[in-house]
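Trainee: Shown below is the structure under consideration.
Quick note: the coordinates plus some simple rules give every number you see, no bench work behind them. Computed from a prediction, not measured in an experiment: that's the story for all the values here. FYI the Cβ positions are ideal-geometry reconstructions off the backbone, even for glycines, and counts take in every protein chain you see.
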Amino acid sequence: MIPAAFDYESPKTLNEALSLLASREDAKLLAGGHSLLPAMKLRLASPALLIDLGRIAGLDYIRDSGETINIGALTTHATVASSSLLLSASPLLAQAASNIGDIQVRNRGTIGGSLAQAHPSADYPASILALDAHIVAFSQSGERVIPARAFFTGMFTTALRPDEIITEIRVPKTTGAGAVYKKFHHPASGYAVVGVAVVVRGNSAKIEDVSIGITGVGEIAYRAAAVEDALRGKPASAIAQAAKHAADKVEALGDNYASAEYRRHLAEVYTRRALQEALSSKRGK
Amino acid sequence: MASNGKTNGKAKGNGQWVGKKFKRKEDPRLVRGISHYTDDIKVPRLAYCVFVRSPHAHARIVSIDTEAARNHPGVLAVVTAADLEGLGMIPCAMQMPDLKIPSHPALAKERVRYLGEPVVAVVAEDAYAARDAAELVVVEYEALPVVLDMEKALEKESSLIYPEFGTNKAFTHAMKSGDIDAAYKKADRVVKIRLLNQRVAPTAMEPRSIVAEYLPGENRLTIWASTQIPHLLKTQVAIMVCLPETAVRVIAPEVGGGFGSKLNVYAEDGVVPWLAMKLGRPVKWTETRRESLMVTIHGRDTINYLELALKKDGTILGLRAKILADMGAYHQLLTPLIPQLTALMLPGCYKIPAFDCEIIGVFTNKMSTDAYRGAGRPEAAYDIERLMDCAARELNQDPAKFRSKNFPQPKEFPFTTAAGLLYDSANYQQSLKRALQLAGYDKLREKQKAAWKQGRYFGIGVSTYVEICAIGPSAATPAGGWESGTVRIEPTGKVTVLTGASPHGQGQETTFAQLVADQFGITPDDVTVIHGDTLAVPYGIGTFGSRGTAVGGTAIYFAVQKLKTKIAALAAHLLSAKPVDIVIANGRVGLKGNSKKSMSWGELVLAAYTARNIPPGFEPGMEATHFFEPSNFTFPFGTHVAAVEVDAETGETKIEKYVAVDDCGNVINPLLVDGQVQGGIAQGLSQALYEELVYNEDGQLLTGSLMDYALPKAAHIPEFILDRTVTPTPVNPMGVKGVGEAGTIASTPCIVNAVCDALAPLGITNIDMPLKPERVWRAITAAQANIPVAAQLTSKPGARSSRRPA
């Protein structure tokens, strides 16, 4: 459990961090470290330079900016989970955060770090997708706003360029909608074997709009477009049939705990249950 | 959590402290993190060791290139098997007529036979340099065919792990009683089942760790080790490194759990002291969690073929079993012993007139199995308790009533079992009754009927277990089964207790202090319990097999009696009274209720040390030692009841209720007994639902980290409703039986019984552990495909078994 030797820098400003990042090809950003440090201790990752973002002030906030709630990238999962602003205006992300790892992980891990890691079974991506959130990244050439749907590009890979740092996540408000995150926990890792995030507008007589993000099934989290299409304008009775398409066109992953077939099955069951719950209880309305 | 500790026996020896909830004396230093585990030990000039391990499950070592590693800055030594001159083999303590014991070198020679087998040891000035240099060692391997599946390993065509043995069979052992053929002839039904008991990792909170320092001038090798058996380790290391035993001292500092995994002598326990002696530098090695999962002994891993011959009315006529036990690639200290314990306890708490059991040990290319909490008894309890449920279903009888019908009556104790053991004392009927009552069993059955009608799968599991504890009479143990206890009353009246037991989480610094405090009329705070230092404590055996209190505590009890005789003699002399009239109570010694004829505890003790006024022939000082040899094992028992609901759509199991009624004889500290039971149940239900070590077809470990290997977390554990019955054992004067393993033994079959009971309408009789949701879902899906939905909701098909004896 001893990592290989590495250099360590703890910049005090974002600009300093950006210039350090641009200066070295083999640098890694530390933003909580609950994925990176274990990987380094097992020597699965051996970055030459570790840039600790933890000392940069001003990246830890949750603000109401009218249309959206804006979350600083260094905000911990625990803060996201307990934010009264999020719980009242856009609770899906808070639900997802409260499902991450354990208390220790939630107290250290950050939303920016988790998104940049892009673990295929991470909790945030399902909600980020269902919410059509935006991810703000900075490089020395300036700011770039990346829509959630364009952000996750593969297992552990994102649309971030090597010289970019996530600074903010912008989450639309879901006032009036039902929002539910349902997760099947891996008993060891706590990651999502399957995690389904839904935002539903309407009532059981007519679903006006619905968005569904699913994590854990494939290499990257995705929007269950086939289910959404099958439900817009339909009554709740259409949910069971529509949910059968929860893993359409997804190449599911399998391991010794849960096969690809089982994950697809869980995606259907959890999608149905999340939709029904969101519609019946209007959780988060 | 409810525990009313109701008793049915007169709790013998209950006093001011014994029998009371008394907070652990150990905890303040542990919860504040200010005590010392082996890895916290720092000695001047300490060097650090890292092992290079086999990445193959089976391979020939073609070459080892250590040059780059040796040249790495800070490296002190890089050694291979060829360098280990004068280091003996890793010991196996078992002897059996046909047991094949492979030569077990501390570093692999020519061949590696399991994943993680140590091949090269690297020592450096610091742990970083050692780890970096280990990466520079180049070992070339030629892969060999891998033997993993026990049943395939026994086929003629199987490749051999030890060609010199001509077989992968490590031993066969038969146990028989009664006339099994007659039993089968008389039987109306024979219920058969094949059960897998999966391989699991003991996973103590503190991984293994060892520090060795050799002082050549004094010729003293000091070893700090995270061990359950400091004295046995001392003897074994002395033999391995060829030092007289008198030159070796083993200290077990704080030990963060063991669960049997530290009841052993490992390769690292030989290599690290050897390196310290060769280098003239103290050396430390601490296991990583990955190593712990890979190369600390594993538990269980058996395949069990079981048959129960029955009369229609539910009377058991005979039990037949064939058990394959995976030894792994080598024998560790007790590897071949564990399945023997399974065979011995297979008859459980039932009257079984005929018994025929065969156990076969099998070598595979995996880490050795050995003692893991329960050590053979959880496997036995799983076998018999699962089989009892299948039989009850086959006979369409209530599983609780069916069990009760086959219990021996309380008046039949001591009771000789089909396996030849003499059970000391029990009242199984009372335990079952109490557990069913606490669980609201009849209501649960009504709830089940209603649930089934709604298409929900609600089930109730019962397990009535008995286990073998207080291990044990020396005739039945490989290393002696006695224990030592020394009680020393210091001149100030404070008491030092030295125990040969080696608690590593059990809390005997507290319970032994309670025991002694009551006997001397002082408080537990006046008593300090010392353990785990072979230079301080007389030779002892250690802590395992739920023996600490029943054997180690009893040794102390007898040492105390010796001192009480001495105290009475001195007090009688000083007070001009008769020794028989002397009473020791509340800090005073003398005649009861006569202040003129009594003196304070402190004055009396001091008089034994100043020795100016002592009776003729009185030996000054106040110290006594007793080596206690038990006349029998003890046999704690109990009943666990679980209610579960299975989500048929996902296969997830939710435990709705868990009741445990345990009987460990008299209780010294209910708080600690409850803790043992709770932890045990957590581990046992975790085997039922979560834990498994999975090797792939190449012998690579797929569950090699705690991100994959599912240890139970707080959220996985339901609330436990705990209670006790108290049936003291006649085997020791305190009437204590032992409780360290009970929870682990009872809970595993209890949970699986509950899940299979829930799924009874589907005709599902067995699902192999762990009951992973996918596995349960697949069983449900397969069953649903075979049974019309309407029938699933109404009928209760019987177990699949032969209607007539074969």
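Trainee: Does chain A come out rounded, prolate or oblate by the C-alpha gyration tensor, with a ≥ b ≥ c the root eigenvalues, rounded set by a/c under 1.5 and, if not, prolate when a/b is larger than b/c and oblate if not?
Mentor: prolate
Trainee: Then there is this: Based on the alpha-carbon gyration tensor of chain B and its eigenvalue square roots a ≥ b ≥ c, which shape applies: rounded if a/c is under 1.5, prolate if not and a/b is larger than b/c, or oblate?
Mentor: oblate
Trainee: Now for a separate question. What's the average, rounded to a whole number, of partner chain beta-carbon atoms within 10 Å of each residue's beta-carbon in A:36-43?
Mentor: Per-residue shielding by partner chains comes out at 2.
Trainee: Anything over 24 Å Cα to Cα? Flag those among A:183/A:206; A:183/B:713; B:25/B:284; B:42/B:366, in the order listed.
Mentor: The pairs that break the limit, which is 24 Å between Cα atoms, are A:183/A:206; B:25/B:284; B:42/B:366.
Trainee: Can you give the extra length, in nm with one decimal, that the chain gains between residue B:585 and residue B:159 once fully stretched, where that is 0.36 nm per residue apart less the Cα-Cα distance?
Mentor: Value of the extension gain: 146.4 nm.
Trainee: Kindly state, to the nearest 0.05, the FRET efficiency for residue B:82 paired with residue B:311, given R0 = 60 Å and r defined as their beta-carbon distance.
Mentor: 0.40
Trainee: Only Cα pairs under 8 Å and at least 6 apart count here; give the relative contact order of chain A as a rounded whole percent.
Mentor: 16 percent
Trainee: Based on the alpha carbon coordinates of the stretch B:141-201, what radius of gyration and maximum Cα-Cα distance (Dmax) apply, in Å?
Mentor: Cα only, the stretch B:141-201: 17.9, 58 Å (Rg, Dmax).
Trainee: Are there any GluC sites (Glu not before Pro) in the stretch B:121-180 that are in a DSSP loop and have at most 10 other Cβ atoms within 10 Å? List them by number.
Mentor: Qualifying residues, ordered by number: B:155, B:157.
Trainee: While we're here: Given that compact globular proteins tend to follow 2.2 N^0.38 Å, what is the ratio of the alpha-carbon Rg of the stretch B:231-270 to that value?
Mentor: Its radius of gyration relative to the 2.2 N^0.38 Å reference: 1.21.
Trainee: To continue, here is another question. Bins of 10 Å, beginning at zero and ending with the bin holding the largest distance: percent of Cα pairs per bin for the stretch B:580-650, please.
Mentor: 13, 25, 17, 13, 11, 8, 7, 5, 0
Trainee: With helices defined as uninterrupted DSSP H runs, which ones in chain B have an alpha carbon span along their own long axis of at least 15 Å and mean Kyte-Doolittle hydropathy of at least -1.0?
Mentor: The qualifying helices are B:230-241, B:267-279, B:377-394, B:428-439, B:508-520, B:554-575, B:670-689, B:742-758, B:773-786.
Trainee: Where nothing but the Cβ of Lys and Arg (+1) and of Asp and Glu (-1) is charged, how large is the charge dipole of the stretch B:318-431 around its Cα centre, in debye to the nearest 20?
Mentor: I would put it at about 220 debye.
Trainee: Here's another thing I want to ask about it. For the stretch A:155-279, take N as its residue count and report Rg(C-alpha) divided by 2.2 N^0.38 Å.
Mentor: Compactness ratio reported: 1.12.
Trainee: While we're looking at this one, here's another question. Quick one: length gained pulling residue B:219 to residue B:707 fully straight, 0.36 nm per residue minus the C-alpha distance?
Mentor: Separation in residues times 0.36 nm, less the Cα-Cα distance, equals 171.2 nm.
Trainee: When Cβ neighbours within 10 Å are restricted to other protein chains, what is their mean count per residue of peptide B:692-703?
Mentor: Mean partner-chain Cβ count within 10 Å for B:692-703: 1.
Trainee: Estimate the FRET efficiency between residue B:700 and residue B:530 by the formula 1/(1 + (r/R0)^6), using the beta-carbon distance for r and 56 Å for R0, to the nearest 0.05.
Mentor: Calculated value: 0.80.
Trainee: Using a cut-off of under 16 Å, list every residue of the stretch B:258-289 whose amide N is near the label point 7 Å from the Cα of residue B:70 along the Cα-to-beta-carbon line.
Mentor: Correct set: B:279.
Trainee: Can you compute the label reach from residue B:351? Point 7 Å from Cα along the Cβ direction, backbone N cut-off under 11 Å, restricted to the stretch B:298-332.
Mentor: Within reach of a label on residue B:351, which here means backbone N under 11 Å from a point 7 Å along Cα→Cβ, the stretch B:298-332 contributes B:315-316.
Trainee: A further question follows. How many Å³ per residue does the convex hull of the Cα positions in the protein assembly as shown occupy?
Mentor: 198 Å³
Trainee: Taking the stretch B:200-273, which GluC sites (Glu not before Pro) meet the DSSP loop condition and have no more than 12 other C-beta atoms within 10 Å?
Mentor: B:218
Trainee: Follow-up question, since we're still on this one. Of the options B:347, B:232, B:410, report the single residue whose Cα projects farthest towards the positive end of the charge dipole of the protein assembly as shown (beta-carbon charges: Lys, Arg +1; Asp, Glu -1).
Mentor: Toward the positive end, the furthest listed residue is B:410.
Trainee: Shifting gears a bit: In what order do B:148, B:702 fall by count of nearby beta-carbon atoms within 10 Å, going from fewest to most?
Mentor: B:702, B:148
Trainee: So for the pair residue A:255, residue A:44, with labels modelled 7 Å out along Cα→Cβ, what separation do we get in nm?
Mentor: Result for the modelled spin labels: 0.7 nm.
Trainee: Can you give the FRET efficiency to the nearest 0.05 for residue B:126 and residue A:85, using r as the Cβ-Cβ distance and R₀ = 45 Å?
Mentor: Once the sixth-power term is evaluated, E becomes 0.40.
Trainee: Where a Cα-Cα gap under 19 Å defines reach, which aspartates and glutamates qualify for residue B:405, not counting those fewer than 8 residues away within the same chain?
Mentor: Answer for residue B:405, where 19 Å is the Cα cut-off: B:188, B:307, B:313, B:383, B:385, B:389, B:394, B:442, listed by chain and number.
Trainee: When DSSP beta bridges are limited to those with both residues in the protein assembly as shown, what percentage is antiparallel, rounded to the nearest 5?
Mentor: About 80 percent, rounded to the nearest 5.
Trainee: Starting with the highest mean, order B:195-202, B:88-95, B:448-455 by the number of other Cβ atoms within 10 Å, averaged over the residues of each peptide.
Mentor: Taking the mean over residues of other Cβ atoms within 10 Å, the ranking is B:195-202, B:88-95, B:448-455.
Trainee: To make sure I understand, if each residue's beta carbon is the centre and we count other beta carbons within 10 Å, what order do A:98, A:46, B:209 fall in, fewest to most?
Mentor: A:46, A:98, B:209
Trainee: Right, here's the next one. So how far, in whole Å, is the C-alpha centre of the stretch B:551-609 from the one of the stretch A:64-82?
Mentor: Here the two parts' Cα centres lie 71 Å apart.
Trainee: Modelling each spin label as a point 7 Å along the Cα-to-Cβ direction, I'd like the residue B:32/residue B:322 distance in nm, to one decimal.
Mentor: 6.0 nm
Trainee: Taking just the alpha-carbon atoms of the stretch B:706-777, what radius of gyration and Dmax come out, in angstrom?
Mentor: Just the Cα atoms of the stretch B:706-777 yield Rg and Dmax of 17.2, 52 Å.
Trainee: Here's another thing I want to ask about it. Which of the helices in chain A meet the span-like rule: DSSP H, Cα axial reach of 27 Å or more, Kyte-Doolittle mean at least -1.0?
Mentor: Correct list, ordered by number: A:260-281.
Trainee: By how many nm would the segment from residue B:23 to residue B:456 grow when fully extended, if each residue of separation counts as 0.36 nm and the alpha-carbon distance is taken off?
Mentor: 151.5 nm
Trainee: Of the listed peptides B:657-666, B:23-32, what is their order by residue-averaged count of other C-beta atoms within 10 Å, with the highest listed first?
Mentor: B:657-666, B:23-32
Trainee: How large is the helix-only mean residue ellipticity at 222 nm for chain B, computed as the sum of -39500 (n - 2.57) over DSSP H runs with n ≥ 4, divided by its residue count, in deg cm²/dmol to the nearest 500?
Mentor: Counting only the DSSP helices, I get -8500 deg cm²/dmol.
Trainee: Separate question: Taking H placed 1.01 Å from N in the peptide plane, check which residues at least 5 places from residue B:621 or on another chain put their amide H under 5 Å from its amide H.
Mentor: Correct list: B:609.
Trainee: Shielding by partners for A:182-192, please: the mean number of other protein chain Cβ atoms within 10 Å of each residue's Cβ.
Mentor: 4
Trainee: Follow-up. Order of B:641, B:673 from fewest to most other C-beta atoms within 10 Å?
Mentor: B:673, B:641
Trainee: On to the next question. Which semi-axis lengths, in whole Å and largest first, follow from the square roots of five times the eigenvalues of the Cα gyration tensor of the stretch B:647-770?
Mentor: Over the Cα atoms of the stretch B:647-770, the ellipsoid semi-axes are 31, 19, 14 Å.
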